[in-house]
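Participant: Okay, handing you the structure first.
The values are calculated or read from the model by the stated rules, or taken from the named source; none is laboratory data. Here the structure is a predicted model, which is why all the values come from computation and not from measurement. Note that we place each Cβ from the backbone using ideal geometry, even for glycine, and neighbour counts take in every protein chain shown. Ligands, DNA and RNA are stripped out before the accessible areas are found, and what is left, the full protein with its side chains, is counted by its heavy atoms. Shrake-Rupley method; radii C 1.70, N 1.55, O 1.52, S 1.80 Å.
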Amino acid sequence: MSEDKTKRTRTSSYWKPAMTLSSDPPAPLDWKFSQVFGERAPGDDLQDVDMISAIEFDKSGDFLAIGDRGGRCIIFERKDGKHTLNQHHSRHELEQLDFTSTQHPEFQFKTEFQGHEPEFDYLKSVEIEEKINKVRWCATSSGSQFMLSTNDKTIKLWKVKECKVKKVKEMNTHPFTCLDNMLLAERSFVSREDKPAVANGYRQEWMEKIAKNASPSQDMHSKVADMEDTAHTRCRKVYAHAHDFNINSISNNSDCETFLSADDLRINLWNLEISDQCFNILDMKPANMEDLTEVITTAEFHPIHCNLLAYSSSRGFIRLVDMRQSALCDHSARILQDGDSHGLKSFFTEIIASISDMKFSRDGRHILSRDYMNLKLWDTHMDSSPVAIYKIHEHLRPKLSELYNNDRIFDRFGCCFSGDGLHFATGSYSNLVRIFSGGDGSEEGATIEASKTPNRKPLLRTAPRARRSSLSNLARGFYRHGHENSSSGSNESSYDLSSRLLHLAWHPETNLIASAAGNSLFMYYS
């Protein structure tokens, strides 16, 4: 590419191609089980508060954070040495690090803390769940990690700092250290010699202890274990009272100073150091709520350019926004939409078109989006249609009425890119992970189950659940009981709808996927 072409000044050139999907298909990945945390024993009941609701690797891949429905944050760290800068190692240590770097990374528990508590909004008479919706890592500073977490209304900034702690392995009482204390206690007995000794011989017993501790055969030293690392967690900032609707997204900016938060109708811009003020950069709330046609489902900052962001909607659109063009980004967006989707429409068309998750590739050239039925790969230079569409559970399409009645059609599945941008993954029912590769021409991809035996045949059954209302339903204008007659009277079985793999993350440096199945965290490597 010539130099004059790389220095284009048009606004759209900021979506420049730093990475392109290779015309040669990438080598297929062979996935193997690595680790599991929180695995349930057979017969154990799954508690709702223990279900994992958010998962995220940091940029280095040394740390993994998860959040659950009980408001807890759990952090794992890499076992085989963290790739931190400015570390000096001996030749032997460097050889060991080079050996371990060829192995797939393994993680261990680091710390756990209560991130959010249940609250009550007295003005609206609404309970606020402690469930953590998103966790996002911030830039590290002074050897400490910083992390954002959010529930439906409140965002918090956490500082996780490592510190050294001595642990006493074995404690043998030093005779001369505590002899003075013993003698002081003995004098209290001597001063009361005129009083008869108690029947059970307390005084005699005490004197025998003194004699025993004064014995020269006693070990003269206490045993102390080696120094060990532990983590101290502290809440640095609380960003509250800025959203009327439930927060569905937070995203850190590449400038390492700001982040955004999005609810169903608004996107706010925050400075990490200022917790009592934010700027509203997008407001989709109509003057009359009956005119509401779509809501925001997720929002992400561009990974390189701090002035660019993207947000998705319940109508299946992705809007690309340049914040330099306008203080309010309502009308200055490029729209990515599937031009081939204008076919036969049904009652469920808009429901399944709603985008539940969206991710930028590392260079920002491509966007991965997930709706209920499909995983779509977009090129930010192409507005009219996605580059590729991967069908996740097309076999469920004839059962949309049943899925609507048991509310499964509103499940929000996540998606993720690999570090090199050539592979991507998402979840499905029966705790399945679907993995695809760009440019291989295959719509099947690889399928593994979140268990120690990933090739096990999935259990087939269905499970109904209670219906819930949401603002998304109001936006579509169809929350009604017109389709209560289920067509599920047939005996045809489907995947286990009660087991959903909604959250997963791809390690930024290697082919390792962390997936959340209920309260268990499964890791697979290739």
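Participant: Skip the ligands, DNA and RNA, and give the accessible area per residue of segment 248-332 with a 1.4 Å probe, whole Å². Intermediate results must be reported in sequence, preceding the final value.
Facilitator: Details: 3370 Å² over 85 residues.
Per-residue accessible area for segment 248-332 comes out at 40 Å².
Participant: Could you list the residues of segment 112-130 with an amide nitrogen less than 16 Å from a label point located 7 Å from the Cα of Gln47 in the Cα-to-C-beta direction?
Facilitator: Only 112-118, 130 pass the distance filter.
Participant: Just list whichever of Lys134/Lys237; Lys131/Lys452; Lys59/Lys452; Lys79/Lys156 have alpha carbons separated by over 18 Å in the model shown.
Facilitator: Numbers: Lys134/Lys237 16 Å; Lys131/Lys452 27 Å; Lys59/Lys452 27 Å; Lys79/Lys156 27 Å.
The pairs that break the limit, which is 18 Å between Cα atoms, are Lys131/Lys452; Lys59/Lys452; Lys79/Lys156.
Participant: What dipole magnitude, in Debye to the nearest 20, does segment 326-424 give about its Cα centre under +1 on Lys/Arg Cβ and -1 on Asp/Glu Cβ?
Facilitator: Working: 12 positive and 14 negative charges, 31 e Å.
Roughly 140 debye for segment 326-424.
Participant: Please express the shape of segment 237-282 as an equivalent ellipsoid: the semi-axes are the square roots of 5 times the eigenvalues of the C-alpha gyration tensor, given largest first in whole angstrom. Each step should come with its number before you reach the end.
Facilitator: Working: eigenvalues 52, 29, 15 Å².
Over the Cα atoms of segment 237-282, the ellipsoid semi-axes are 16, 12, 9 Å.
Participant: Right, here's the next one. Dipole of segment 227-381, Cα-centred, from +1 at each Lys and Arg C-beta and -1 at each Asp and Glu C-beta, to the nearest 20 debye? The partial results should precede the final answer.
Facilitator: Working: 15 positive and 23 negative charges, 46 e Å.
Magnitude of the dipole: close to 220 debye.
Participant: Also, quick follow-up: List the residues whose amide H sits under 5 Å from the amide H of Thr297, counting only those 5 or more places along or on another chain, with H placed 1.01 Å from N in the peptide plane.
Facilitator: For Thr297, the qualifying residues are Ser312, Ser313, Ser314.
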